[in-house]
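Visitor: Can you read through this structure? Questions will come right after.
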Amino acid sequence: MRERRTENGERRTVPFVVMVLSLAVAACGLSPIDHRIKLGEEPFVVFVGEGIDGHTDLFTTTTGGGSVFQLTFTPVVESQPKLAGGGLMVAFLRYRDTLPGTHRDVVVMNLVTGSERVIGLPADAGTPLALGWGSGDSSLYIRTDAGNWRTSIPPSSAAAELVPANDSMAAVKAINPWLGQSRFAEAIPCKDGVCVVGPKQDTSELSAIGRYPLRWGNDSVAWLEGNEIVVRPLGTGRVRRISLKDAPLHVREASMGG
C-alpha cells in the first residue's frame, strides 16, 4: 500500500498492485478507448474527474453524450487536458502531489496506441500551468509561471523555446478558450459563472452558474453545469445539454476535439 493525495489534498491509500497494472497497460501500448470512440471520425470530449477509487484521472465521452470512459488509470493527479484538433492526441499535466512546488510533467498521450511521452522543458522554464496545441497539431504551447513556451511534438527532438513577444497572441489563443473560426472572442470565468469577451472588449454573461468554459468547434462555446455540458451556438440556434452518463465525481477542466 502507498499513500497519495487527491487534487483537493485529501490523503488516500493506494494498493501497489494498481500502480503496477497502470504501468503495465501503458507499456503494452493499449488504448484505453479502443473500440469505444472512433478516433479521427467522431468528435469527443476529455475532462478531469475522480473515479470510484478516488483517483484524479482523465475521462472521455462523445459530444453526443452517453457513457463515460476512463482514459487514465494512475495513482497520481492529472489535470488541464487539451485535445489536439485532429483528436488523435491529448496533452495534460501530471503531478505527484498538490503541495506547492511539486514537480509537474507535461505528458502527450497517443490515443490510438495509449503510449505516452513526457515533454522536456528547460530548467528555468518554471511550473507548467496550462497547455494549447499549435497549428496542425505539430507543436504544443505550454504556459508556465515564467512565461509561454513552445515545443515540437515527439518524435521531434527539438528543445522547448520561450515564445517571443511578437508571437505571444498565438500562444494565448491556443491555450485560452478563444471562439470562432478566426478566434474573435474569448470565454472566461466571471463571478460564479461564465462570460464572453468580444472583439471590442465588451463582456456579456453566458451563464450565471456555469464553470470551466471551453471552445466547442468553430461555431459554438460550451461550459460545465454539474454533470452536464452546455453547448451554445455563437450565432443562431438552440442551446443543448449533453448529459454525462455514470460521470465521475467533480467533473471539471474539459476539452473538445476530433
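Visitor: Would you kindly derive the ³J(HN,Hα) couplings of region 206-215 from the backbone phi angles with the Karplus curve 6.51 cos²θ - 1.76 cosθ + 1.60 (θ = phi - 60°), listing them in order in whole Hz, with x for Gly and Pro?
Guide: So the J values, rounded to whole Hz, are 9, 8, 7, 10, x, 8, 6, x, 8, 5.
Visitor: If you average the sequence gap of Cα pairs under 8 Å that are 6 or more apart and divide by the length of region 153-213, what percent do you get for the contact order? Kindly include the intermediate steps, with their values, before the conclusion.
Guide: Details: 69 pairs, mean separation 12.6, N = 61.
With pairs under 8 Å counted, the relative contact order is 21 percent.
Visitor: Before anything else, pin down the relative contact order of the chain: Cα pairs under 8 Å, at least 6 apart, normalised by residue count, whole percent. Please list the in-between numbers first.
Guide: On the way: 605 pairs, mean separation 45.5, N = 258.
Dividing the mean separation by the residue count of the chain yields 18 percent.
Visitor: Still on this structure: With a sphere of radius 13 Å drawn around the Cβ of SER156, what net charge do the other residues whose Cβ falls strictly inside it have (Lys, Arg +1; Asp, Glu -1)? Kindly include the intermediate steps, with their values, before the conclusion.
Guide: Numbers: positive: ARG117, ARG150; negative: ASP137, GLU161.
The answer is 0.
Visitor: For LYS173, give me every one of the aspartates and glutamates with a C-alpha distance below 19 angstrom, ignoring sequence neighbours fewer than eight places off in its own chain.
Guide: ASP137, ASP145, GLU161, GLU186, ASP202, ASP219, GLU253
Visitor: Hey, could you get me the Stokes-Einstein D for region 38-96, Kirkwood radius over alpha-carbon pairs, 20 °C and 1.002 mPa s, rounded to whole µm² s⁻¹?
Guide: Details: Rh = 11.9 Å.
Rounded, D is 179 µm²/s.
Visitor: What does the highest-first list of 230-238, 135-143 look like by mean Cβ count within 10 Å?
Guide: Working: 230-238: 13.4, 135-143: 17.8.
Per-residue Cβ counts within 10 Å, averaged per peptide and sorted highest first, yield 135-143, 230-238.
Visitor: Where does each of MET109, MET89 land when they are ordered by accessible area, with a 1.4 Å probe and the largest first?
Guide: On the way: MET109 5, MET89 40 Å².
Result, largest first: MET89, MET109.
Visitor: Still on this structure, I have one more. Please list, in order along region 121-136, the HN-Hα scalar couplings obtained from phi with the Karplus expression 6.51 cos²θ - 1.76 cosθ + 1.60 (θ = phi - 60°), rounded to whole Hz, x for Gly and Pro.
Guide: Karplus values, whole Hz, x for Gly and Pro: 10, x, 4, 9, 6, x, 8, x, 10, 7, 9, x, 8, x, 4, x.
Visitor: Return the carbon/sulfur percentage of the accessible area of the chain, one whole number, probe 1.4 Å, all protein chains in place. Don't skip to the answer; put the middle values down first.
Guide: Numbers: 6790 of 12840 Å².
The value for the chain is 53 percent carbon and sulfur by accessible area.
Visitor: List the extent of the Cα atoms of region 143-214 along each of their three principal axes, largest first, rounded to whole Å.
Guide: That gives 45, 24, 23 Å along the principal axes, largest extent first.
Visitor: Can I ask one more? Tabulate in residue order the Karplus-calculated ³J(HN,Hα) for region 216-222, using 6.51 cos²θ - 1.76 cosθ + 1.60 with θ = phi - 60°, rounded to whole Hz; enter x for Gly and Pro.
Guide: 10, x, 8, 10, 8, 10, 9
Visitor: Would you please state the base-10 log of I(q)/I(0) at q = 0.20, 0.23 1/Å for region 51-143, with intensities from the Debye formula using one equal scatterer on every alpha carbon?
Guide: After summing over all Cα pairs, the log10 values are -1.06, -1.32.
Visitor: Using helices alone, I'd like the mean residue ellipticity at 222 nm for the chain: each DSSP H run of four-plus residues gives -39500 (n - 2.57), total over residue count, nearest 500.
Guide: Details: 2 runs with 21 residues, N = 258.
That calculation yields -2500 deg cm²/dmol at 222 nm.
Visitor: Against the 2.2 N^0.38 Å scaling, with N counting residues, where does region 155-255 land? I'd like the Cα-based Rg ratio to two decimal places.
Guide: Values: Rg = 15.6 Å, N = 101, 2.2 N^0.38 = 12.7 Å.
Ratio of Rg to 2.2 N^0.38 Å for region 155-255: 1.23.
The values are calculated or read from the model by the stated rules, or taken from the named source; none is laboratory data. Since the structure is predicted, the reported quantities are computational estimates derived from the model, not experimental observations. Every residue, glycine among them, receives a Cβ derived from its backbone with ideal geometry; neighbour counts consider all protein chains shown. The protein model used for the area step is the full one, side chains on, heavy atoms only, and it has no ligands, DNA or RNA in it. Shrake-Rupley method; radii C 1.70, N 1.55, O 1.52, S 1.80 Å.
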